[in-house]
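See structure below.
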């Protein structure tokens, strides 16, 4: 696709070279607009997204398809169906507070240090592959997996995540099911083999939850790996892109490692890893004055809302020291992602590790990058 031409629609915008002028035009139009080709409503203003997040008539999945048809009845489908962030209902509501407490209790300084150690021990691989493998390996370490297992766990996780995209091939779907089964089997072994490593996420959850851990709760701990995979790879990759592209940013950061979390926070607002998410209407409702019927789908364009001037002043400017920075990319209100702080820590540590190894961001800019095919995740592949 010619990166100079505007994107054809909100899905094509995700991997466009610069979709933000198009997003601004989208935001200036109707509060909720129907795209007949995509067959969904599109919301791009901050106040509309916040209204949707607070609306109980909208769900994470279609009422008639809790698990995507392509993986229903497979190990990947079973794992998907148990994940809190992919579903609604009492089963998921029961487990969400446990996961929230576990993630809120993570020692972020220790997680940062552990990520640096994991980075130092990683085998050689391309920069794009490392952006996927490092955050997942760090979370696997935090869960309690042994260091020698981390590369394999990262590979299984990446294979499983492929099934979450409508772009997946039959081969990727088969690999995803095999990977889901192996991840669950290995985690079952981790739970049964020995007391959880002190300070691990598994130990934290075991101390808080009724014994033995339910299969659904174990699946959600495994789900932390998949939740980390693409979102944090995009956050790390877009952080590198910002360091390469934004004038003077690399020099401003220098050796001041305390600025790295601010860099990640501004990247999450300015050029986020996840550009959109969906909600599905379960009950008749109204959003931004528009009546919606059960079965309707709404695309929430998070990346457009983050640059809404009503949410952030001077939204197109990359401001490292921005005050009162607001970002909807991790959800909002009761739908806010409990892993936001951990994701930021993993990305900041990853950037620190890469820069400490001498990564040349000027060379990244010269060589350029494109974006991995996706309908919602913006993940650069550096040339």
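Quick look at the values:
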read-out	value
Per residue, the convex hull volume that the Cα atoms of region 75-162 enclose (Å³)	111 Å³
q = 0.14 Å⁻¹: log10 I(q)/I(0) that the Debye formula gives for region 149-241, counting C-alpha atoms only	-0.59
Cβ crowding within 10 Å averaged over residues, with 71-84, 197-210 ranked highest first	71-84, 197-210
Cα gyration tensor shape of region 309-358, rounded if a/c is under 1.5, else prolate or oblate by comparing a/b with b/c	oblate
Long-range tail of P(r) for region 232-336 (Cα pairs > 20 Å, %)	47 percent
Region 208-234 residues near the modelled residue 94 label - backbone nitrogen below 15 Å, point 7 Å along Cα→Cβ	209-220
For region 1-68, convex hull of alpha carbons as volume per residue, Å³	120 Å³
Region 53-188 - percent relative contact order, Cα under 8 Å, separation 6 or more	24 percent
Value of Rg to Rh for region 1-147 (Rh from inverse mean 1/r over Cα pairs, i.e. Kirkwood)	1.03
Tail fraction, Cα-Cα pairs, region 123-278, threshold 24 Å, whole percent	43 percent
222 nm mean residue ellipticity, helices alone, for the chain (DSSP H n ≥ 4; -39,500 (n - 2.57); rounded to 500)	-15500 deg cm²/dmol
20 Å-binned pair-distance histogram of the chain (Cα, whole percent)	28, 61, 11
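Taken together, the values in this text are just the output of simple stated rules run on the coordinates, not laboratory data. Because the structure is predicted, anything quoted here is derived from the model rather than measured. Cβ sites come from the backbone with ideal geometry, for glycine too, and all protein chains shown count toward neighbours.
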